[in-house]
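Each remark here refers to the structure printed beneath this line.
The values are calculated or read from the model by the stated rules, or taken from the named source; none is laboratory data. Fair warning: this is a prediction, and the values are worked out from it, not measured in the lab. Virtual Cβ from ideal backbone geometry, glycine too; neighbours counted across all protein chains shown.
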């Protein structure tokens, strides 16, 4: 009986560790661009308006840049993935659809390029 309880406790503890390692929701939008976050910028070289997220965003149309009342939809030029475990895919359409661009964990793009500039509408951690 003690062995069954011990195994159950181990399983619960392991499940808790998995939950902690996953990215939090997009509500961690706090203006810090800290570790574990995906940050988007309106201008190249990480300048201009910016926003930070630690989870998936299905529609940039629902979000403004942190420091301004400017909508994110179709206005991103640079990105940083400050995540330590997960990569992020940015999508040209809402709900994680359309053309896409990956940003690997710990990577950044000071300019997403002409094909993607001012075209992102959502992103997803994976």
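Collect the residues in region 60-72 that are in contact with a strand residue (DSSP E or B) (Cβ under 9 Å, 6 or more places away or on another chain) and outside any helix (DSSP H, G or I), keeping them in residue-number order.
63, 64, 65, 66, 67, 68, 70, 71, 72
Of all residues being surrounded by 15 or more Cβ atoms within 10 Å (Cβ to Cβ) and within 12 Å of the chain's Cα centre (by Cα) in region 106-126, which is nearest to residue 71 (Cα to Cα)? Just the residue, please.
The qualifying residue nearest to residue 71 (Cα to Cα) is 122.
For region 73-103, which residues satisfy the criterion of being in contact (Cβ under 8 Å) with a residue 40 or more places away in the chain and either part of a loop (DSSP other than H, G, I, E, B) or more than 19 Å from residue 117 (Cβ to Cβ) (or both)?
73, 74, 75, 76, 77, 82, 83, 84, 85, 86, 96
Among the residues of region 10-59, count how many are outside any loop (DSSP other than H, G, I, E, B), touching a strand residue (DSSP E or B) at 6+ places or on another chain (Cβ under 6 Å) and modelled with pLDDT of 90 or more.
Summing the residues that are outside any loop (DSSP other than H, G, I, E, B), touching a strand residue (DSSP E or B) at 6+ places or on another chain (Cβ under 6 Å) and modelled with pLDDT of 90 or more in region 10-59 gives 14.
Being in contact with a helix residue (DSSP H, G or I) (Cβ under 6 Å, 6 or more places away or on another chain), under 16 Å from residue 50 (Cβ atoms) and surrounded by fewer than 19 Cβ atoms within 10 Å (Cβ to Cβ): is that true of residue 64 here?
Working: in contact with a helix residue (DSSP H, G or I) (Cβ under 6 Å, 6 or more places away or on another chain): no; under 16 Å from residue 50 (Cβ atoms): yes; surrounded by fewer than 19 Cβ atoms within 10 Å (Cβ to Cβ): yes.
So residue 64 does not fit the description; no.
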